[in-house]
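What follows is one structure encoded as structure tokens, with my remarks underneath.
The values are calculated or read from the model by the stated rules, or taken from the named source; none is laboratory data. Predicted model, so just to flag it, every value in this text is computed and none were measured. Cβ placement follows ideal geometry from the backbone for every residue including glycine, while neighbour counts extend to all protein chains displayed.
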Amino acid sequence: MPLRWKTKNRGKLKILVDDLSMFLSLDKVTMYMLLDSFDIPIPSIKATYLSRRPVYLRQLDSHDDLMVFLSEASNLPVYIKRSFGSYGRGNVLVTECDGNMVRFGNGSQENISEFCQSLDCTRALGWILQEPLMPHPEIKRLTGSGKISGIRIHTFLTEKKSQVIKAIFKINAGVRDSDNFEHGASGNMLAAVDVQTGNVIRAIAGTGLVQKEIPIHPATGERLVGFQIPYWKDIISLTNDAQLAFPGYLCPGWDIALCADGPKVLEINAFGDADLSQHAYRVGFLDNTFISLMRERGLDQLLTMPPNNSIQSKTNNRFGIRKHHWKW
């Protein structure tokens, strides 16, 4: 299968995602509260901004509220991100504030009033203000950066258990506050990880004709290939356990932060971009292992069948042949 999926193939794999479950991950506050209720480690939420939530969470309802929050030294540093968003767009680390200017993780600064106003034009789900996470010492040594370089884990929920099928190390180049690859636009790097051992087996930078393998980290000179991901057994246990909280996702993509005090779930994607895996492993996402798991659940035939959205399922009364396998 080619590295870049055809649009029709991406659409077909929606059979792995139950439409009724998608809001559980689209809204990160809902996602975090669900995970927290199962004692799955997540970043600590300090407050929300322009986001109506139960009183369990501190809520900042106005531009002035946010300015006061950022002006209190005890609240900083703080990592700000959209509750509904992707690719780390708009994510920013605020490290300092003197009451007039705010300073960010990349060293730049902005007038506090103008910064707060820039957050006002957003979707109704607002913003999350959470604790900044510090990378594991081995990650910091490898990258030379105090920014998070996390793991994208794909689990697959079979009829009997959850299992990890792919793992991609997202290596922060130190320029951005997030480790998102953004289809190569961010400058960050990717590495394929052996899911049995947690060892990096291949690392790349860039996409297309300019993509190149990088066995050595370009900034630190540390060896990427062969690097042992910290807490590997804990990561496997964590994601397999967390998968069971989302039975409506058969093959989600988990973003896991590798912190000094252990792995933490940053988010779950109902499926997640397949290009991360394909760039890192240099193999199509629909490999033999994946097809075998689809076949085990009787789903492999749906990859080649037309949608037939007018047909109503006798098992769950839903319309569409690709939705008949959901149990509700």
Just checking, which of 93, 133 is part of a loop (DSSP other than H, G, I, E, B), closer than 25 Å to residue 268 by Cβ and touching a residue at least 12 places away in the same chain (Cβ under 8 Å)?
-> 133
Could you tell me whether any residue of the range 236-259 is assigned by TED's automatic domain parsing to the domain that holds residue 165, closer than 23 Å to residue 180 by Cβ, exposed (fewer than 14 other Cβ atoms within 10 Å of the Cβ) and in contact with a strand residue (DSSP E or B) (Cβ under 8 Å, 6 or more places away or on another chain)?
-> no
Residue that is surrounded by the fewest Cβ atoms within 10 Å (Cβ to Cβ), among those in the range 270-324 that are part of a loop (DSSP other than H, G, I, E, B) and among the charged types (D, E, K, R) | 314
All conditions in (1) in contact with a helix residue (DSSP H, G or I) (Cβ under 7 Å, 6 or more places away or on another chain); (2) at positive phi; (3) outside the structural domain of residue 126 (by TED's automatic domain parsing) are true of residue 99 except (3)
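I'd like the full set of residues that are touching a residue at least 12 places away in the same chain (Cβ under 8 Å) and among the small types (Gly, Ala, Ser), limited to the range 74-84.
The initial filter retains those residues of the range 74-84 that are touching a residue at least 12 places away in the same chain (Cβ under 8 Å), namely 75-84.
Listed by number, the list holds a single entry, 83.
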Name the residues in the range 179-217 that are within 26 Å of residue 234 (Cβ to Cβ), among the small types (Gly, Ala, Ser) and not in a loop (DSSP other than H, G, I, E, B), would you?
-> 191, 192, 203
State whether one or more residues within the range 110-129 are part of a strand (DSSP E or B) and surrounded by fewer than 20 Cβ atoms within 10 Å (Cβ to Cβ).
-> yes
Which residue out of 58, 52 is modelled with pLDDT under 95 and out of contact with any Cys (no Cβ under 8 Å at 6 or more places or on another chain)?
-> 52
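Can you tell me which residues in the range 244-281 are of a type in the set (Lys, Arg) and either modelled with pLDDT under 95 or in contact with a Phe, Trp or Tyr (Cβ under 9 Å, 6 or more places away or on another chain) (or both)?
Initial filter on the range 244-281 (of a type in the set (Lys, Arg)): 264.
Residues satisfying the conditions do not exist here.
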Among the numbered criteria (1) within 24 Å of residue 263 (Cα to Cα); (2) at pLDDT 90 or above; (3) loosely packed, with under 15 Cβ neighbours inside 10 Å, which single criterion is violated by residue 93?
-> (3)
Being under 24 Å from residue 286 (Cα atoms) and of a type in the set (D, E, K, R) is the filter; apply it to the range 165-216 and report the residue that is modelled with the lowest pLDDT.
-> 182
Enumeration of residues in the range 157-189 that are under 28 Å from residue 299 (Cβ atoms), surrounded by fewer than 17 Cβ atoms within 10 Å (Cβ to Cβ), among the charged types (D, E, K, R) and touching a residue at least 60 places away in the same chain (Cβ under 8 Å) = 159, 161
Of the residues 138, 159, which single one is at pLDDT below 95 and in the same structural domain as residue 251 (by TED's automatic domain parsing)?
-> 159
